[in-house]
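Bear in mind these aren't lab numbers, they're just calculated from the coordinates by the rules spelled out. This structure is a prediction, so every number in the text was calculated from the model and none was measured. We place every Cβ from the backbone using ideal geometry, glycine too, and count neighbours over all the protein chains shown.
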Amino acid sequence: MNNQWCYKFYGLPDTFYNAEAKCQNTHVNGHLASSTNVFLNSFIKTTLSDIVSDTSAKTWLGGFQNGSNWAWTDGSPFSYSTFDKGQNVTLNNCLSIIPNTGLWYSNDYIATSALTIDAGKWYDQVAIGLNDLEEIGDFHWTDETPFDYTNWEPGHPGCCQDVQKCSFFYADVQVNATDGYQKMATAKCEWIFRAFVCKKRSN
């Protein structure tokens, strides 16, 4: 399961396209949830079963018909599926899941019995209080500690300083990278991180 997503359940019937728009408008990088492997599908199934009163009620996922193929609204590869028998059809072009079985169904986009899950992106690093909000390139700590130490990741701060005005810290060894561990990097201030570090005086 990809642990860089947070999930929020909306218990109100809505159309597929309204539900996707709500996810996008409510959360940074938000979309209807994509269920891209058996572990994530099991997580969604189990979580929904614990939340909803009617576990046979269909819940929107972010799958939709793109021509003759299925796709996810967040752009994830559509390489896993668990359709109920006879449900992988092009007649209905939006995807839902039933919590008590975890099986998928193809639905018309106006199906009113469906509910929505929202998956909002977050970043698997730690936010810190360094920013250049007042002037590009003039970094300050939010507690006004002197900015006399840097340990930037290569390429930071870089070409995107006009939009990436806040900062984070690579707290973990990166599987697919070699330069980031224990270094700082710039980020958009609206990005959501898995954690943040606060401090207070000891007395």
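Counting helices only, and only those DSSP H runs with n ≥ 4, report the 222 nm mean residue ellipticity of the chain as the sum of -39,500 (n - 2.57) divided by its residues, in deg cm²/dmol to the nearest 500. Each step should come with its number before you reach the end.
Numbers: 2 runs with 25 residues, N = 203.
My calculation for the chain gives -4000 deg cm²/dmol from helical runs alone.
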Exercise. Calculate how steeply helix 16-26 sits against the longest principal axis of the alpha-carbon atoms of the chain, using the helix alpha-carbon long axis, and give the answer as 0 to 90 degrees to the nearest 10.
Key: 10
Quiz item: In debye, nearest 20: dipole of the chain around its Cα centre with unit charges on the Cβ of K, R (+) and D, E (-)?
Solution: 660
Quiz prompt | Label-point separation, residue 26 to residue 87 (7 Å along Cα→Cβ), nm | solution = 2.2
Self-check item: Helix axis angle, 38-51 relative to the chain longest principal axis, alpha carbon, degrees
Solution: 80
Quiz item: What net charge is computed for the residues neighbouring residue 103, neighbours being all others with C-beta under 13 Å from the C-beta of residue 103, Lys and Arg scored +1, Asp and Glu -1?
Solution: +2
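Averaging the inverse of every distinct alpha carbon separation and then flipping it gives the Kirkwood radius. What is it for the chain, in angstrom units? Please report the intermediate quantities before stating the final value.
Values: mean 1/r = 0.0521 Å⁻¹.
Result for the chain stands at 19.2 Å.
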